[in-house]
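Right, one structure below, let's go through it.
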Amino acid sequence: MTDLLDRVDAAVAAAPATDYYLLDETLTDSERAIRDKVRAFADHDVLPIINDFWERAEFPFELVPKIAALGVAGTTIEGYGCPGMSRLAAGLVSREIARADGSVNTFFGVHSGLAMGTIHLCGSDEQRERWLPAMARLERIGAFGLTEPRHGSDSVALETSARRRGDGFVLNGRKRWIGNASIADLVIIWARDEDGDVGAYVVEKGAPGFDPSSVITRKLGKRAVWQAEIALEDVEVPAENKLANARTFKDAGRVLTTTRGGAAWESVGHAMACYEAALAYAGEREQFGRPIAGFQLVQHKLANMLADVTAAQLMCVRLAQLQEEDRMTPAMASLAKMHNAQRAKAVCAAARDVLGGNGLLLDYHVARHMTDMEVVDTYEGTDSIQALIVGRDVTGLSAFA
């Protein structure tokens, strides 16, 4: 098995086989340079170590300074020490990290997309200057606290409260599935005030009454990134830590719409990795006297996998173009997330089938991507929720209660 594994690893590393419609030719030199830089990090720094961390359910802290050195945190944000890259380049960052590992991508996406993105979209100039430069250097890690134990998809039904006390606020409530929370220097907590309005409050590490230490265990996927349940008991937040431009749940929705596109790109990364692994394995694995790539059933699977990967890539590229032009709607983002998560799950499952029993082993990476895609399918809104958002948009009728 070791010899076969070595040959498959070499074949996968040689050259990605997933640019079937030559989309790389449409990239600018800057976008291609970003893609190559992140791909090199993913291949050389993430892949050799991630299976062990994933199996032990430990976070690979040693990768944090290497991610910082890439200079990609903050992606599209201009100024504040952020790179100000294009929407397409930002998508490629997510795709390339996910192509190596979903846990590392979630760490980066929560920090760079959700936490930094919220501060940029909803913070004042002073708040951006206060937090974003250090976050861009990953000297301070961020997290995003919206989901609650009793409210997953129904995130509007927010129970965490923010009450005025003197010059600041007091937060009470619970959050669940909050990525990075146990290691974060600052966590953005979405809460409802006495008037029922929703706001975002930056809670800094060590605040009395703030407990993010309950890390969720026994997970099936994304095992190398830590999600926590947060308890907030009379947590005092100074007035200057309430994000100035977060006034309603629509502001949270703006952040989620942006990051939903990131989940669509992540799905592409997982699908690419599994297709590449399956194609390489089929060329090396011999049964009945020849490589299994020569059998009709395997070629049929590979062709369908490649079609799904290519369609997902095209959807993401077009979504990035629309976002760059400020023409992307929430329903467009939902359609991309829904479609790409569906098809990526199918690609990962087909790859597992092509690899047979070896597909169950972490050494071949497919099993990790397959279970991580179960997580991607759920976060940023489940398949059903995305479908209802699209359905409301195309019919004009809301199926939400």
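Summary table
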{"read-out": "Candidate set from the range 312-354 (those that are touching a helix residue (DSSP H, G or I) at 6+ places or on another chain (Cβ under 8 Å) and assigned to a loop (DSSP other than H, G, I, E, B)); member that is least open to solvent (accessible area, probe 1.4 Å)", "value": "Met328"}
{"read-out": "Inter-residue pairs, beta-carbon under 7 Å, first among the hydroxyl-bearing types (Ser, Thr, Tyr) and in the range 173-199, second part of a loop (DSSP other than H, G, I, E, B), 6+ apart", "value": "Ser182/Trp226"}
{"read-out": "Qualifying residue in the range 109-127 (condition: over 17 Å from the mean Cα position of the chain (by Cα) and more than 20 Å from Arg254 (Cα to Cα))", "value": "yes"}
{"read-out": "Filter result (part of a helix (DSSP H, G or I) and open to solvent by less than 10 Å² (accessible area, probe 1.4 Å)) within the range 111-126", "value": "His111, Ser112, Ala115, Met116, Thr118, Ile119, Cys122"}
{"read-out": "Residue that is surrounded by the most Cβ atoms within 10 Å (Cβ to Cβ), among those in the range 355-401 that are at positive phi and not charged (D, E, K, R)", "value": "His365"}
{"read-out": "Number of the condition not met by Ile216 [criteria: (1) out of contact with any Asp or Glu (no Cβ under 7 Å at 6 or more places or on another chain); (2) open to solvent by less than 50 Å² (accessible area, probe 1.4 Å); (3) of a type in the set (Val, Ile, Thr)]", "value": "(1)"}
{"read-out": "Qualifying residue in the range 357-374 (condition: in contact (Cβ under 8 Å) with a residue 40 or more places away in the chain and among the small types (Gly, Ala, Ser))", "value": "no"}
{"read-out": "Evaluation of Gly173 against (1) open to solvent by less than 20 Å² (accessible area, probe 1.4 Å); (2) in contact with a Leu (Cβ under 8 Å, 6 or more places away or on another chain); (3) closer than 30 Å to Phe59 by Cα; (4) of a type outside the set (Ser, Thr, Tyr) (one fails), failing number", "value": "(1)"}
{"read-out": "Filter pass, Ala278 being outside any loop (DSSP other than H, G, I, E, B), surrounded by fewer than 24 Cβ atoms within 10 Å (Cβ to Cβ), modelled with pLDDT of 95 or more and not acidic (Asp, Glu)", "value": "no"}
{"read-out": "Residue count, the range 193-211 (criterion: surrounded by 10 or more Cβ atoms within 10 Å (Cβ to Cβ) and not aliphatic (A, V, I, L, M))", "value": "9"}
{"read-out": "Single condition Val268 does not satisfy, out of (1) open to solvent by less than 10 Å² (accessible area, probe 1.4 Å); (2) over 20 Å from Arg32 (Cα atoms)", "value": "(2)"}
{"read-out": "Selection count, the range 354-394, where residues are in contact with a Lys or Arg (Cβ under 7 Å, 6 or more places away or on another chain) and more than 20 Å from Met328 (Cα to Cα)", "value": "10"}
{"read-out": "Residue that is nearest to the chain's Cα centre (by Cα), among those in the range 232-245 that are within 19 Å of Gly173 (Cα to Cα) and open to solvent by 10 Å² or more (accessible area, probe 1.4 Å)", "value": "Lys242"}
{"read-out": "Qualifying residue in the range 250-258 (condition: outside any helix (DSSP H, G or I) and either over 20 Å from the mean Cα position of the chain (by Cα) or without any contact (Cβ under 8 Å) to a residue 60 or more places away in the chain (or both))", "value": "no"}
{"read-out": "Scope the range 127-149; condition open to solvent by 30 Å² or more (accessible area, probe 1.4 Å), charged (D, E, K, R) and within 21 Å of Ser213 (Cβ to Cβ); matching residues", "value": "Arg140"}
{"read-out": "Extreme residue, most open to solvent (accessible area, probe 1.4 Å), among residues of the range 290-311 that are in a helix (DSSP H, G or I) and without any contact (Cβ under 8 Å) to a residue 12 or more places away in the chain", "value": "Gln296"}
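The values are calculated or read from the model by the stated rules, or taken from the named source; none is laboratory data. Note that the structure is a prediction, hence the values are computed from the model and not measured. When we count neighbours, we look across all protein chains shown, and the Cβ atoms used for this are built from the backbone with ideal geometry, even at glycine. These accessible areas exclude ligands, DNA and RNA; they are computed on the full protein's heavy atoms, side chains included. Shrake-Rupley method; radii C 1.70, N 1.55, O 1.52, S 1.80 Å.
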